[in-house]
Amino acid sequence: MSAEPSSVSNAGATHTEDDYPRYRWVVIGQMILKQSLGPFMFSSLGVLLPSMQKELGFGVIETGWLGSARTVGSLLVFFASIALVRFNAVRTSGILVFVLAGALLISGTATSFWPVLAGIVIYSFAMSMGQVPFNMVRQQWIPPREMATVAGVALAMGTISQSLALAIVPVILVAIGGWRTIFIGNAFLMVLVGAMWFATARERVTESYLRARQRDTGLSAAGAVLRRREFYLLGFAVLGGATTFTTNLLFLPLFFVHERDFSLQTAGSITAVIPLGGLLVNLAAGFVSDRIGRRKPLIWPSGIALPVLWLLLLYPLPPSVLVPIAFLTGMFVFLPFPALQAIPLEISGFSPAERAVGQALQMTISTVGILLGPIIVSNIVYATDSYRAGLQTLLLLPTLFIWVMPFLPETGLRARAAAAAAAESVDGR
C-alpha cells in the first residue's frame, strides 16, 4: 500500500485524457461487485437477528447497537481519507477486501454478543474506507458523461444484493438452521473477490492526473473541502433518506413479526421488496440524469413522497397491499442517490483527491443520523414496547431532500456546459 505519487509511476502506461478503454469495465465491474456484497450482509442482519438473539442471548437494546455498528465506520472515513488518498487506490481496495473477510469470520465464529459487535464494527470500517479508493478509481476509469449512469448501476447491484439477502436468507436459515453459515460463507466469497482483484485490476493514469496527484496532500485536500458548503449539504441530504431507510430495513421485519403476527418469511419478503423497488429506478435515474444533463430534478421529489410511504408501511394493512407500497417506497428511496453520488465528483475546481475526501466528508455527516437512528428507535421500542412508535420518529427526515435543494449547485453536463460557455464569453470580451 505504497504512497502516491510514487505508486502512480508504477501503474503502467500513461493514457491520454480521452482514452477510456473497454478494460475499464473489468475494473469498475469488480468494484461494483465488492460494493454489492456489503449491503447483502447489512440487509440480512435484520432477518438473522431472531436466531442470533436466541443463540447468543441478547435483547432489543443490543439489537440497536448492532444496527448502528453497520455504519459506525463512516464516522471516521473523512479523517481516514486524508491518509488514504495518498496511497495506491487499487492496492488499498484489495487489502480492504481481505479485512472484510476477516471481520466476517470474527462475527461468524463468535460465542457471545461482543465479538459479533466487534466483527461488524471492523466490517463497517473496511466498507466505509473502501469508498475512498473506489472513488479514486472511478474518477480514473469513468468518463464524466457516464458518471451518474455508473453510480446508478452500482446502486442497482446493491439493491439486488439487499433484496436477495432479505428474501433468501430466511429460506437458508430454515434449510440449515444456522446464522453462522451466512457470515462464514460471505467471508470466503470476499477472499475470492480479493484474489481476483489483485490479479486483474490496475490504474488508469493521465498526465493531468499525475500533475494533480503531485500537488495533492491529504491535508491540503481536506482543507479545500472543509471550506466548501456543498459537501455539508450533500451529507445532510443523504442523512435524511438513508437514516430512515437503513433503520426501517433493520426493524421492519421485527415490527411485522411482533406487532403484525406475520411469519419471518412474510416479514422478510415484504421488506425485501423495498430495495427491489429501487432496482429499476437506480438503473434509470442515473441514465436519465446523464441524458438530461441535470441532477437536482431527481432529488427533491423523494422528500415529498417518502414520509407518506413509510407511514403507510406501519398501517394495519394486509401483505397484498403492503407489497406494492414497499415497492413504491423503494423507488423513491433510491431515486436521488445516483445524482447525489455524482455531484461530489463533478464540483468544479477540485482535484481527484479533493473530490474523494469531499465525498468522505459527505459520508461522515450522513452517518451521524444513520448511526443514531437504530439506537433511538431501539430505546423508544424498549420504553413503549412498540416498534411502530419507534419507527414513526424518523418519518420527517427524508424532507431534507427538499430543504437542501436551493443551496446545492447544479453539476450536470448541461449546467457545466453553460458555465463553460459563460466563462468563454467573459474571456472573449
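The values are calculated or read from the model by the stated rules, or taken from the named source; none is laboratory data. Note that the structure is predicted; figures quoted are calculated from it, not measured. Every residue, glycine among them, receives a Cβ derived from its backbone with ideal geometry; neighbour counts consider all protein chains shown. Each accessible area value is taken on the protein alone, full model and side chains, heavy atoms only, with ligands, DNA and RNA left out. Shrake-Rupley method; radii C 1.70, N 1.55, O 1.52, S 1.80 Å.
Within the range 117-141, the set of residues being open to solvent by 20 Å² or more (accessible area, probe 1.4 Å) and in contact with a Pro (Cβ under 7 Å, 6 or more places away or on another chain) comprises GLN139 only. Residue pairs whose Cβ atoms lie under 8 Å apart, sitting 6 or more positions apart in sequence or on different chains, and linking a residue in the range 389-413 that is outside any loop (DSSP other than H, G, I, E, B) to a partner that is basic (Lys, Arg), are MET405/LYS296; PHE407/ARG229; LEU413/ARG145. Within the range 139-180, the set of residues being of a type outside the set (Lys, Arg) and touching a Gly at 6+ places or on another chain (Cβ under 6 Å) comprises ALA148, THR149, ALA151, GLY152, THR159, LEU166, PRO170. Filter the range 377-403 for residues that are open to solvent by less than 50 Å² (accessible area, probe 1.4 Å) and at pLDDT below 90 and give the result. Within the range 377-403, SER378 is the sole residue that qualifies. Against the list (1) of a type in the set (Ser, Thr, Tyr); (2) modelled with pLDDT under 80; (3) surrounded by fewer than 21 Cβ atoms within 10 Å (Cβ to Cβ), the condition TYR209 fails is (3). Can you name every residue in the range 362-376 that is within 15 Å of MET129 (Cα to Cα) and surrounded by fewer than 23 Cβ atoms within 10 Å (Cβ to Cβ)? Selection gives THR364, ILE365. Quick one: is VAL97 open to solvent by less than 10 Å² (accessible area, probe 1.4 Å) and under 21 Å from the mean Cα position of the chain (by Cα)? Yes. Residue check: is GLN53 under 22 Å from VAL174 (Cα atoms) and open to solvent by 10 Å² or more (accessible area, probe 1.4 Å)? Taking the combined requirement at face value, the residue satisfies it.
Modelled with pLDDT of 85 or more, among the aromatic types (Phe, Trp, Tyr) and buried (at least 24 other Cβ atoms within 10 Å of the Cβ), is that true of PHE236? No: the conditions fail for PHE236.
Would you call THR200 hydroxyl-bearing (Ser, Thr, Tyr) and at pLDDT 90 or above? Yes; evaluated as a whole, the condition is true for this residue. For the range 417-425, state whether one or more residues are outside any loop (DSSP other than H, G, I, E, B), modelled with pLDDT of 90 or more and on the phi < 0 side of the Ramachandran plot. Scanning the range 417-425, I find no residue that is outside any loop (DSSP other than H, G, I, E, B), modelled with pLDDT of 90 or more and on the phi < 0 side of the Ramachandran plot, so the answer is no.
Taken together, the residues in the range 56-72 that are on the phi < 0 side of the Ramachandran plot and open to solvent by 10 Å² or more (accessible area, probe 1.4 Å) amount to 10. With open to solvent by 10 Å² or more (accessible area, probe 1.4 Å) and over 29 Å from ASP261 (Cβ atoms) as the only criterion, which of PHE334, PHE327 stands out? Going through PHE334, PHE327 in turn, just one is open to solvent by 10 Å² or more (accessible area, probe 1.4 Å) and over 29 Å from ASP261 (Cβ atoms): PHE334. All of LEU309, LEU317 fail the test of being open to solvent by less than 50 Å² (accessible area, probe 1.4 Å), touching a helix residue (DSSP H, G or I) at 6+ places or on another chain (Cβ under 9 Å), at pLDDT 90 or above and part of a loop (DSSP other than H, G, I, E, B), apart from LEU317.
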